[in-house]
Amino acid sequence: MTKESLQWDANISSRNPILAQLAGLMNLSWSQWPSISQLNERFNPAISGAELTVRFIDDAEFLALNCYYEQAVAQAKVPTRYANWHDFFGAIIWFLFPQTKSLLTRLHMEDINAHGLKRTPRRDRITHFDECGLVLAVVNKEEAQTLLQHHQWHSLFIEQRARFGQDWQPFIFGHALYEQALTPFIGLTAKCIVIEVEADFFLLSRTEQYAQLDPLLADNIDHSALFDTPRPLLPLPLLGIPGWWPANEDATFYDNQDYFRPARNR
């Protein structure tokens with residue numbers, strides 16, 4: 001990441017269509033990098049239904065806890081580095097998806113209590129979604145999920161193009177995806193969960209959509225035991241989403257099989 005990209009930018013949502021997904025959801029009108037206390041004032045994820053009412057803590061407070069990251073979050077304290085885009089976007093995701101973030105913390109702690117601090121495959125899968133996850137909200141789950149499972153990129157992104165923004169709507173969950181979107185690159189790929197919603201979901205404001213989607217996502221993950229199985233997440237080339245990358249207006253963009261990879265033969 002360049003030195004320029006590390007500088008504070010209150011107009012971050014105007015940089016490109018990926019970061020524009022954050023437009024209008026929150027007030028970022030600081031003149032410089034917000035302090036940890038300012039993040040707590042504005043991004044307080046104390047929303048009804050969340051398992052944790054967390055606050056963000058700085059490096060010194062985290063060090064004093066003398067524990068691992070997940071153990072700190074389980075105490076409702078989220079380590080957050082100052083002037084760090086990765087952690088800043090992490091705070092935003094806590095604000096937008098407090099119930100799901102709380103659930104992921106509980107799942108991490110279940111494994112830590114059962115197996116110790118050594119990473120398990122289940123915890124790796126949880127982390128993968130936490131960092132690079134995307135939720136595709138749709139009316140008919142089976143249709144979209146089948147296209148993703150079989151890497152039917154032309155059908156998904158060209159034949160069904162008009163569905164995006166209508167009855168298919170992607171929501172970024174992984175804060176690392178927003179960090180990577182500061183300088184997008186061919187190869188940028190999300191790990192997708194498809195969530196079925198009612199048709200009137202798409203008539204809601206973006207703020208109302210997040211408020212409805214968060215408990216749906218948390219419930220889906222919890223009751224499906226999603227991360228108990230190998231490879232539970234579906235790859236989705238982020239720059240292929242209609243409207244999110246100018247080059248994909250040309251259908252030949254999707255011919256790049258190094259990016260839009262065919263499904264493996266099983």
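With the largest listed first and rounded to whole Å, the semi-axes of the equivalent ellipsoid of region 126-255 from the Cα gyration tensor are 22, 18, 15.
Segment Ala20..Ala263, full-extension length gain: 84.5 nm, with 0.36 nm per residue of separation and the alpha-carbon distance subtracted.
Using the Cβ-Cβ distance between Gln38 and Ala76 with R0 set to 22 Å, the FRET efficiency from 1/(1 + (r/R0)^6) comes to roughly 0.75. Based on the Kirkwood approach, the hydrodynamic radius assigned to the chain is 19.4 Å, with every pair of different Cα atoms included.
With a sphere of radius 13 Å drawn around the Cβ of Arg123, what net charge do the other residues whose Cβ falls strictly inside it have (Lys, Arg +1; Asp, Glu -1)? Local net charge: -2. Put simply, the C-alpha atoms of region 4-121 give a gyration tensor, and the ellipsoid matching it has half-axes of 27, 16, 14 Å, longest first. When the Gaussian network model of the chain links Cα atoms closer than 10 Å, the mean-square fluctuations of Phe56, Phe171, Phe253 top out at Phe253.
Throughout, read-outs are computed from the coordinates displayed, never taken from laboratory work. Predicted, not measured: the structure shown is a model, and the values here were computed from it. Here the Cβ is made from the backbone with ideal geometry for all residues, glycine too, and neighbour counts use every protein chain on show.
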